[in-house]
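The values are calculated or read from the model by the stated rules, or taken from the named source; none is laboratory data. Treat the numbers as computed from the prediction; the structure is a model and nothing was measured. Counting neighbours? That spans all protein chains shown, and the Cβs are built from the backbone with ideal geometry, glycine included. These area figures cover heavy atoms from the full protein model, side chains too; ligands, DNA and RNA do not enter into them. Shrake-Rupley method; radii C 1.70, N 1.55, O 1.52, S 1.80 Å.
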Amino acid sequence: MSTLERNLRQIENIIQLKGQGKVNLIAVSKTRTTEEIRKLSNLGQRDFGENKVQELLSKVDELPKNIRWHLIGHLQRNKVKIVIPYVHLIHSVDSLKLLEEINREALKIQKVVDCLLQVFIATEETKYGLSSTELTEILNVLPQLNNVRICGLMGMASNSQDENKVRDEFRVLKGIFEEVKTRYPVIASNLTILSMGMSGDYEIAIEEGSNMIRVGSLLFGER
Ligand SMILES: *Cc1c(COP(=O)(O)O)cnc(C)c1O
């Protein structure tokens, strides 16, 4: 068994154990070659995550069409148009202006684009994400945006060795997720995805209710 396959099976095992199999693994393939991605794809992995638009587009062409591409990194408004035809899910909607742009471009190509709202939960200033106020603002104007579908929330915990801190941050996001479902019953049936957890903290994230994890280095090795 290759290292790649061993890594994949190990993560799948933990998903079975801790998440009763109800957690979707996104293989974060940023900086990885198309050959590495193809190998993982041949092992049955279908969902891949990229954080840069250009890199995602260059890989789409060369790889099997059944791959579902997730955009997980900050998206600039001027890149929306070129990426939305190819993207399965945008995890990183971090402003109303961005969401409006996605809606506008999606309308032009007669598509409804699936998105997650990225919520700021960490204590680090470098991380992107919506504040509670911005989140509410977006949820209130959603009825006017017919070409985007909000499927859930995404968040990144602080890059910290302190497990309790990380766990608390995930717990906050899970709380917001449940609250949004209660307060916005019209869209609640679409709100099925809670994307949280990376290589260093995905087990904690699953314990705290994540059902979509984004794992790179634990699968492919250090970048
Ligand atoms: C790079 C990245 C990941 C994966 O990071 P690893 O630590 O390699 O698992 C997950 N989410 C986002 C948004 C990323 O940019």
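Bin by bin, in steps of 10 Å, what percent of the Cα pairs in the chain do you find, going until the bin that has the longest distance?
Cα pair-distance distribution for the chain, in percent: 8, 34, 38, 19, 2, 0.
Within the chain, what's the longest run with no GluC sites (Glu not before Pro) in a DSSP loop and at most 14 other beta-carbon atoms within 10 Å? Give the range, please.
Values: sites that count: 124, 125, 222.
Of all site-free stretches, the longest is 1-123.
Put +1 on the Cβ of each Lys and Arg and -1 on the Cβ of each Asp and Glu in the chain; which of 109, 75, 90 then has its Cα farthest toward the positive end of the dipole?
Highest projection toward the positive end goes to 109.
Quick query: amide H of residue 149 versus all other amide H atoms, modeled in the peptide plane; which residues come in under 5 Å with a sequence gap of 5 or more or a different chain?
Under 5 Å from the amide H of residue 149 lie the amide H atoms of 113, 114, 115, each far enough along the sequence or on another chain.
Whole Å is fine, so just give me how far the alpha carbon centre of region 37-82 lies from that of region 141-209.
After rounding, the separation between the Cα centres reads 22 Å.
Roughly how many nanometres apart are two label points built 7 Å out from the Cα toward the Cβ at residue 165 and residue 188?
The modelled label-to-label distance comes out at 3.6 nm.
Once region 140-209 is represented by equal point scatterers at the alpha-carbon sites, with solvent omitted, what log10 I(q)/I(0) does the Debye formula produce at q = 0.23 Å⁻¹?
Cα-only, vacuum Debye calculation for region 140-209: -0.94.
Just how far, in whole angstrom, is region 110-139 from region 6-31 if you go by their alpha carbon centroids?
Region 6-31 and region 110-139 have Cα centres spaced 24 Å from each other.
What fraction of the DSSP beta bridges in the chain is antiparallel, stated in percent and rounded to the nearest 5?
Working: 0 of 28 bridges.
Approximately 0 percent, going by the DSSP bridge assignments.
Which value, in Å² rounded to 10, gives the accessible area of residue 183 with a 1.4 Å probe and all protein chains present?
130 Å²
Express the relative contact order of the chain as a whole percentage, based on alpha carbon pairs under 8 Å and six or more residues apart in sequence.
Relative CO of the chain lands at 20 percent.
For Cα pairs less than 8 Å apart in space and 6+ apart in sequence, what is the mean separation divided by the residue count of region 1-50, i.e. the relative contact order in percent?
Working: 24 pairs, mean separation 19.8, N = 50.
Dividing the mean separation by the residue count of region 1-50 yields 40 percent.
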